[in-house]
Structures are given as C-alpha cells and as structure tokens.
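> Once you've had a glance at the structure underneath, I'll fire off some questions.
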Amino acid sequence: MIGWIVFRAESIGDALTYWSIFLFGNTGPVSVPIAKELTLQGMLGLVIGASSFVVPRRWIVGAAIDGLHEDVVDTRFVRFAPILRTVIVCVGLPIAIVLILGGTFSPFLYFQF
Amino acid sequence: MVFSSQTFLFVFLPVLVVLYALTPRRLKNSLLLVASLLFYVWGGGWFIAWLLASVMGNWVLGLLTHRARLAEQRSAMRGWVALTVVLNIGLLGWFKYANFLVDQVSWFVELFGRDPITWTPILLPIGISFFTFQASSYVFDLSKGEGEPLKNPLDFALFVCLFPQLIAGPIVRYRQIARELVDREFTYENLCAGAVRFAHGLTKKVVIADSVAPIADAAFMPGADLTTTDAWIGAIAYTIQIYFDFSGYSDMAIGLGRMFGFTFPENFKHPYSSASMTEFWRRWHVTLSEWFRDYVYIPIGGSHGSKWLTYRNLIFVFLVTGFWHGANWTFVVWGAYHGLWLIIDRLQGRPERPRDGSSRSNARGSCCSS
C-alpha cells in the first residue's frame with residue numbers, strides 16, 4: 001500500500017502528506033467526506049476486494065473460475081469451478097449490468113497510461 | 001469505446017459477434033480489423049493516424065530486419081532495430097513526455113527569474129504506451145529469429161490493432177498469436193468460455209473496482225483533511241480498485257480474444273497473495289514485466305554480471321517501468337521503491353519460487369528473477 005500511495009498521488013508533495021498521515025497522523029474517527037462514500041455498495045466492495053489479500057492463498061478461487069487449473073493452489077476448488085462460473089454469470093453479471101444501466105460507469109484506470 | 005459502456009455491451013459486441021459468425025473465413029481478419037479501427041476511432045478520433053503510422057512503420061521495419069537477418073548483414077539488422085527503437089521511443093516520448101519535459105525546463109528557468117516556456121500541451125493518444133510496445137516487440141523478435149514476418153500488412157495491422165488488447169493490453173507478443181492470426185477456429189465452445197471470462201472481468205470492474213473508487217477518490221483528493229483511519233481506508237480502497245480494475249480489464253480482453261479464437265497471455269496471477277516483491281512482479285502485469293525483462297533488462301546485462309551490476313540493472317529497469325506509467329515524478333519514485341524492494345529481496349536471499357510451490361506457471365523468470 002505504501003507504493004500505491006505514491007502511485008495514486010497527484011504529486012510527490014501529496015504523497016509525502018498522505019504517507020505522514022498514514023503512518024503518524026491523528027487517530028481520529030472516519031471523517032465526513034470518507035464516511036459519505038462508505039455506502040453499503042462501497043463497504044461490500046471493500047470486503048469482497050479485501051479477500052484478494054486477506055484470505056490464505058490456497059483459497060483463491062479466481063483462477064478456478066477462469067479455468068486456469070494449473071494456477072489453482074487448492075485443487076478442491078477445481079470441482080466447484082462450474083458452480084463459481086454460474087454464480088458469476090447469474091449473479092455478478094446481472095448486478096454489473098444493472099450498475100452500468102444505472103450510469104455508475106467510470107473509465108479504466110490504465111487508460112491514462 | 002470502453003468495454004463496460006452500454007454502446008460496447010449492447011451494440012458493438014453483439015453486432016460484431018453475429019457478423020463474425022456469418023463472415024467467410026477469408027474475410028474474418030478484415031472484419032476484425034475494421035471493427036478494431038472503429039473501436040479506436042470512437043474514443044481516439046484522429047489519433048488513429050498515429051496508430052496506423054506506427055503499424056506501417058513497424059511492419060516495414062520488420063520486413064527489412066528479417067531480410068537483413070537472412071542475408072546475415074548484422075550491421076544492417078542492428079541499424080533497423082536501432083531505427084525501430086528511435087521511432088517508437090520518439091513517438092512515445094513526444095506524446096507522453098514532451099509536456100513533462102517542458103514543465104521541468106520551465107520550472108528550472110523560473111528559478112533564475114526567466115519567463116516560463118509558452119507551450120500548447122500535447123494530447124496523449126489513447127493506448128499509445130501499449131501499441132508502441134507491442135508493435136516494436138514484433139521487430140525485436142524478428143531480429144532474434146523468433147518467427148516469420150507477416151507478408152500481409154493487414155494481418156500485422158490486426159496484430160497491433162486487435163480491439164480487445166489495443167488500449168490497455170495484455171501486451172501480446174507476436175509469437176504468442178502468430179498462428180492464430182492466419183488460422184484460428186471460431187467455435188461455440190470458445191465463444192461461451194470467452195463470454196464467461198468477459199463476464200468475470202466485467203463483474204470485477206463494475207461491482208468491485210467501481211464500488212470502492214469513490215472512497216479512494218475522496219481520500220486522495222488533494223487538500224483532503226484526513227485522519228489516519230481515513231488514510232488507511234483510502235489506501236486499502238485504492239489497492240483494491242487498481243487490482244480489480246486492471247485485472248478485470250485484462251479478463252475482459254482475454255475473454256473477448258477467446259470469443260474470436262485468440263489465446264492471449266495471462267496478465268495477472270493473484271498478485272496480492274505474493275510473499276515478496278519479487279514474486280509480486282511475477283504476478284502483476286505479467287506481460288509488461290516480461291516485455292521489460294526481454295527488451296530492457298536482459299539487453300543491459302540482466303543478472304549476468306556482478307551483484308552490483310545486477311542491482312544497477314534492476315533499479316534502472318524499474319525506474320523505466322515507473323516512468324512508462326506516466327510523466328510524473330510520482331511514478332519514478334514508485335518504480336524506485338519497487339526496484340529497491342527487489343534488491344532487498346536479493347540481499348535477503350529470498351527464494352526464487354514461492355515456498356509452497358503454489359505457482360508452477362510462474363516459475364519462469366521475470367526481470368525479477370532471470
């Protein structure tokens with residue numbers, strides 16, 4: 001995360017300020033501008049997204065969903081791959097389409113590069 | 001045009017799939033090329049002229065390089081490769097770094113009380129960092145005798161402009177899809193598997209990355225009055241956003257490629273499960289790491305010299321990698337930070353492979369391990 005802070009910051013000065021708060025800032029509660037963005041959708045995104053670095057690597061299921069069996073650590077997940085794919089198509093995709101139709105569209109980050 | 005836009009999802013893609021299925025095999029490449037150029041023009045407009053200039057230039061240089069290689073004219077071949085480097089870096093440098101250079105010079109002359117340089121900022125053609133790398137790798141590979149040149153410029157144009165990977169990768173190497181460019185199958189199985197992969201990527205992008213993006217944006221807004229709690233939440237949000245956004249895009253690109261019969265290389269291999277920075281760079285943006293390994297790190301000596309030369313090469317390649325991401329000192333610092341971690345990994349004798357042997361497919365070296 002230390003690296004991503006400077007990657008995301010607009011300038012070196014902004015990165016230094018962010019780092020100083022990140023490491024040595026005042027330990028107050030969540031401020032209003034951030035709390036405003038911590039909606040149910042945002043919180044769910046954080047929880048699901050955090051699984052990419054919180055859960056043990058043996059439990060990572062992304063490779064199983066994509067059929068990359070050689071990259072799956074725990075081969076038990078391979079058995080569930082068809083179910084996981086069905087969940088993606090029947091749950092993930094419809095939610096994504098509803099969000100797109102709702103207008104919550106933003107460009108890809110790597111387009112700026 | 002963007003994969004997660006309504007125009008792409010509900011018009012461009014369905015129409016293209018139907019037309020592709022109905023088109024005779026010999027015309028499929030032409031259809032894909034026209035669709036790819038339309039895809040680019042939609043967002044890139046007249047910048048397509050630079051894309052096409054890059055395509056033609058690299059195609060001709062590929063032929064000249066191959067001819068010189070066959071005739072064993074080593075100096076001529078080196079000359080054509082050098083010209084390839086100059087033209088591609090020149091194109092990238094002009095569009096991506098000219099504004100930055102002028103800003104730095106202006107800042108410097110202002111220190112001595114002079115007026116800053118008057119300059120109309122140059123707009124950045126979308127995808128230029130990716131298509132220049134992909135097109136130039138074709139010439140570099142031909143110079144090493146890897147593959148035969150494409151005689152038909154339209155096939156080469158399709159290799160560079162193929163819409164799933166044109167804007168943001170994966171950076172596909174010519175040898176990886178050389179056969180599929182001229183002979184591939186359009187099957188129901190590939191169509192379905194590609195569609196599922198696309199759906200997976202779209203879900204990652206829209207449901208996860210876009211959901212946490214407002215949190216990261218609020219935290220990183222310049223001048224924001226943050227607490228440490230805010231800063232941690234913002235950093236976690238951005239860490240999630242950049243991975244799910246970019247790996248989601250790669251999944252969509254790989255899925256779209258598969259729908260039309262292409263097998264693109266994997267770009268992300270659950271990088272956040274890495275046990276070291278060295279391992280992270282074998283899993284994060286794999287096609288870019290491999291590009292820099294093969295065309296920058298190894299040519300400047302790689303890890304074949306003393307350990308100090310290896311450290312120098314590592315720092316250099318990561319400074320360049322950082323600068324590739326954008327004309328801003330923040331990216332240079334980011335690259336240096338990663339390069340230093342790779343050196344620390346080496347100093348600590350970190351294992352080249354994960355201890356649990358979890359990643360057989362990642363065992364091949366990257367610039368972090370070769």
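> Checking B:Ala35 against (1) within 14 Å of chain A (Cβ to nearest Cβ); (2) among the aliphatic types (A, V, I, L, M); (3) touching a Leu at 6+ places or on another chain (Cβ under 7 Å), which test does it fail?
(1)
> Quick check, is A:Leu84 within 21 Å of B:Tyr249 (Cα to Cα), at pLDDT 85 or above and under 19 Å from the mean Cα position of the chain (by Cα)?
Values: within 21 Å of B:Tyr249 (Cα to Cα): yes; at pLDDT 85 or above: no; under 19 Å from the mean Cα position of the chain (by Cα): yes.
So A:Leu84 fails the test.
> Here's something else I'd like to know. Test of understanding: among B:Val333, B:Val320, which residue is within 23 Å of B:Ala135 (Cα to Cα) and either in contact with a Phe, Trp or Tyr (Cβ under 6 Å, 6 or more places away or on another chain) or surrounded by fewer than 20 Cβ atoms within 10 Å (Cβ to Cβ) (or both)?
Values: B:Val333 fails: within 23 Å of B:Ala135 (Cα to Cα).
Exactly one residue qualifies, and that residue is B:Val320.
> When you look at B:Ala199, is it among the small types (Gly, Ala, Ser), assigned to a helix (DSSP H, G or I), within 9 Å of another protein chain (Cβ to nearest Cβ) and over 30 Å from A:Ala9 (Cα atoms), yes or no?
Values: among the small types (Gly, Ala, Ser): yes; assigned to a helix (DSSP H, G or I): yes; within 9 Å of another protein chain (Cβ to nearest Cβ): yes; over 30 Å from A:Ala9 (Cα atoms): yes.
So B:Ala199 fits the description; yes.
> For A:Gly103, which of the numbered conditions (1) at the interface with chain B (Cβ under 7 Å from one of its Cβ atoms); (2) among the small types (Gly, Ala, Ser); (3) on the phi > 0 side of the Ramachandran plot fails to hold?
(1)
> Any idea which of (1) free of Cβ contacts under 8 Å to residues at least 24 places away in the same chain; (2) within 27 Å of B:Arg78 (Cβ to Cβ); (3) within 14 Å of chain A (Cβ to nearest Cβ) is the one B:Lys96 doesn't satisfy?
Here B:Lys96 clears every test but (1).
> Further question: Just the residues that are surrounded by fewer than 18 Cβ atoms within 10 Å (Cβ to Cβ) and in contact with a Leu (Cβ under 7 Å, 6 or more places away or on another chain), please, taken from segment B:7-32. Outline the logic, then answer.
Looking only at segment B:7-32, we keep the residues that are surrounded by fewer than 18 Cβ atoms within 10 Å (Cβ to Cβ), and these are B:7, B:10-11, B:14-15, B:17-19, B:21-27, B:30-31.
B:Leu19, B:Thr23, B:Ser30, B:Leu31, listed by residue number.
> Among what's in segment B:279-308 and is at pLDDT below 90 and either in contact with a Gly (Cβ under 7 Å, 6 or more places away or on another chain) or hydroxyl-bearing (Ser, Thr, Tyr) (or both), pick the residue that is surrounded by the fewest Cβ atoms within 10 Å (Cβ to Cβ).
B:Ser306
> If we only count helices (runs of 4 or more DSSP H) wholly inside segment A:16-113, which ones have 3 or more residues that are under 19 Å from B:Val212 (Cα atoms)?
Values: elements: A:32-37, A:40-54, A:62-65, A:76-87, A:93-101.
So the answer is A:32-37, A:40-54, A:93-101.
> Which residue, of A:Leu84, A:Leu44, A:Leu40, is out of contact with any strand residue (DSSP E or B) (no Cβ under 9 Å at 6 or more places or on another chain) and at the interface with chain B (Cβ under 7 Å from one of its Cβ atoms)?
Values: A:Leu84 fails: at the interface with chain B (Cβ under 7 Å from one of its Cβ atoms); A:Leu40 fails: at the interface with chain B (Cβ under 7 Å from one of its Cβ atoms).
The conditions single out A:Leu44.
> Being closer than 17 Å to B:Asn267 by Cβ and assigned to a loop (DSSP other than H, G, I, E, B): is that true of B:Pro149 here? I'd like the intermediate steps shown before the answer.
Numbers: closer than 17 Å to B:Asn267 by Cβ: no; assigned to a loop (DSSP other than H, G, I, E, B): yes.
Against the criterion (closer than 17 Å to B:Asn267 by Cβ and assigned to a loop (DSSP other than H, G, I, E, B)), B:Pro149 does not qualify.
> Additional query: Answer yes or no: is there a residue in segment B:308-320 that is within 10 Å of another protein chain (Cβ to nearest Cβ) and under 14 Å from the mean Cα position of the chain (by Cα).
First pass over segment B:308-320, keeping only residues within 10 Å of another protein chain (Cβ to nearest Cβ): none.
Among the residues of segment B:308-320, not one is within 10 Å of another protein chain (Cβ to nearest Cβ) and under 14 Å from the mean Cα position of the chain (by Cα), which makes the answer no.
> Something else now. Within segment B:120-139, can one find any residue that is under 18 Å from B:Asn267 (Cβ atoms), in a loop (DSSP other than H, G, I, E, B) and either in contact (Cβ under 8 Å) with a residue 60 or more places away in the chain or within 14 Å of chain A (Cβ to nearest Cβ) (or both)?
yes
Matching residues to (1) more than 7 Å from every other protein chain (Cβ to nearest Cβ); (2) on the phi > 0 side of the Ramachandran plot; (3) without any contact (Cβ under 8 Å) to a residue 12 or more places away in the chain; (4) surrounded by 13 or more Cβ atoms within 10 Å (Cβ to Cβ):
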| site | (1), (2), (3), (4) |
| --- | --- |
| A:Ile48 | no, no, yes, yes |
| A:Ser51 | yes, no, yes, yes |
| A:Val54 | yes, no, yes, no |
| A:Arg58 | yes, no, no, yes |
| A:Val61 | yes, no, no, yes |
| A:Ala64 | yes, no, no, yes |
| A:Thr75 | yes, no, yes, no |
| A:Arg79 | yes, no, yes, no |
| A:Pro107 | no, no, yes, yes |
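> In segment A:7-60, what residues are touching a Phe, Trp or Tyr at 6+ places or on another chain (Cβ under 7 Å) and over 16 Å from B:Asp230 (Cα atoms)?
A:Phe7, A:Ile12, A:Gly49, A:Ser52, A:Phe53
The values are calculated or read from the model by the stated rules, or taken from the named source; none is laboratory data. None of the values given here were measured: they were computed from a predicted structure. Glycine also receives a Cβ, built like all others from the backbone with ideal geometry; neighbour counts cover every protein chain displayed.
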